[in-house]
Protein chains: 2
Amino acid sequence: MSNRVEWLSQVRWDSSGLVPVIAQEAGTGDVLMFAWMDRDALQKTVETGRAVYFSRSRNKLWFKGEESGHVQLVQEVRMDCDYDVLQLMVTQTGHEPGIACHTGRHSCFFQLFSDGAAGGEWKITAPVLKDPATIYK
Amino acid sequence: MSNRVEWLSQVRWDSSGLVPVIAQEAGTGDVLMFAWMDRDALQKTVETGRAVYFSRSRNKLWFKGEESGHVQLVQEVRMDCDYDVLQLMVTQTGHEPGIACHTGRHSCFFQLFSDGAAGGEWKITAPVLKDPATIYK
């Protein structure tokens, strides 16, 4: 009903009609990925219980797992104090442990800053759990 | 040295020279807040070991805790697969439990979507730990 629209309108969509979204794994607390949603994506996420994002590169809705089968079941949708960032608590399905990253890794945040003698660098800290070539056919 | 510049240049700053940053509490795994960094903010974060963000509303560097005393000690800086989102693992100091939100709450993500009979709504799920009027003087 009209109330469905109201909660969607409380979100402060940016000038492109989007908000940032943080997906956190419910079981482990790991931050899995960062993405964007438009109004339609958020509504479909709530309706289906599965994470639906808006792909800025493809300029369309992106049903997480539509190609990989690595669907995210959404336990909670949270919004921040400024009404302009969302957080999802999800169960990452399709592989054990879950694969959220398109590189075949558990989380997208696998590059760790390391301040060595030669200066700073980004070090890869997580293994590829599945070859992306076999995930995206 | 030049290598210090190199790791900063590997970050894909957006057209405004910023990247999104997710701050997660090291001890609890709680996502505390979401903010932005420019190149200078990231460099100062790494140099000082304390979270320094870029305030888009004030258009300047924002040393987290500069007014509140609620400084974030940075344990890790992580970067995502696309080189355009950062994640900090932090210890939220200044209060026990930590207060990251300007509303005086632990986390900024205290509004939970609830799908009731009357339609969807955002429900406040976390208490104010300290009156903001006493935090920001």
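From the list A:V90, A:V74, the lone residue that is among the β-branched types (V, I, T), open to solvent by less than 10 Å² (accessible area, probe 1.4 Å) and either within 14 Å of chain B (Cβ to nearest Cβ) or over 16 Å from A:V21 (Cβ atoms) (or both) is A:V90. For A:D131, indicate whether it is farther than 30 Å from A:E6 by Cβ and either open to solvent by less than 10 Å² (accessible area, probe 1.4 Å) or more than 14 Å from chain B (Cβ to nearest Cβ) (or both). Spelling it out, A:D131 is indeed farther than 30 Å from A:E6 by Cβ and either open to solvent by less than 10 Å² (accessible area, probe 1.4 Å) or more than 14 Å from chain B (Cβ to nearest Cβ) (or both). The residues of the stretch B:14-36 that are over 17 Å from A:V19 (Cβ atoms), among the hydroxyl-bearing types (S, T, Y) and more than 10 Å from chain A (Cβ to nearest Cβ) amount to a single one, B:S15.
Each row is one residue, and each column tells you yes or no for (1) touching a Pro at 6+ places or on another chain (Cβ under 7 Å); (2) on the phi < 0 side of the Ramachandran plot; (3) touching a residue at least 24 places away in the same chain (Cβ under 8 Å).
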position: A:G29; (1), (2), (3): no, no, no
position: A:L32; (1), (2), (3): no, yes, yes
position: A:A35; (1), (2), (3): no, yes, yes
position: A:D38; (1), (2), (3): no, yes, yes
position: A:R56; (1), (2), (3): no, yes, yes
position: A:K60; (1), (2), (3): no, yes, no
position: A:D84; (1), (2), (3): no, yes, yes
position: A:S107; (1), (2), (3): no, yes, yes
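Of the strands (runs of 3 or more DSSP E) lying entirely inside the stretch A:2-70, those containing at least 1 residues that are open to solvent by 60 Å² or more (accessible area, probe 1.4 Å) span A:60-63.
The requirement of being closer than 23 Å to A:D131 by Cα, in a strand (DSSP E or B) and at pLDDT 95 or above is not satisfied by A:A100.
The values are calculated or read from the model by the stated rules, or taken from the named source; none is laboratory data. Everything quoted here is computed from the prediction, not taken from an experiment. Here the Cβ is made from the backbone with ideal geometry for all residues, glycine too, and neighbour counts use every protein chain on show. SASA here: full protein model, heavy atoms, side chains in, ligands and nucleic acids out. Shrake-Rupley method; radii C 1.70, N 1.55, O 1.52, S 1.80 Å.
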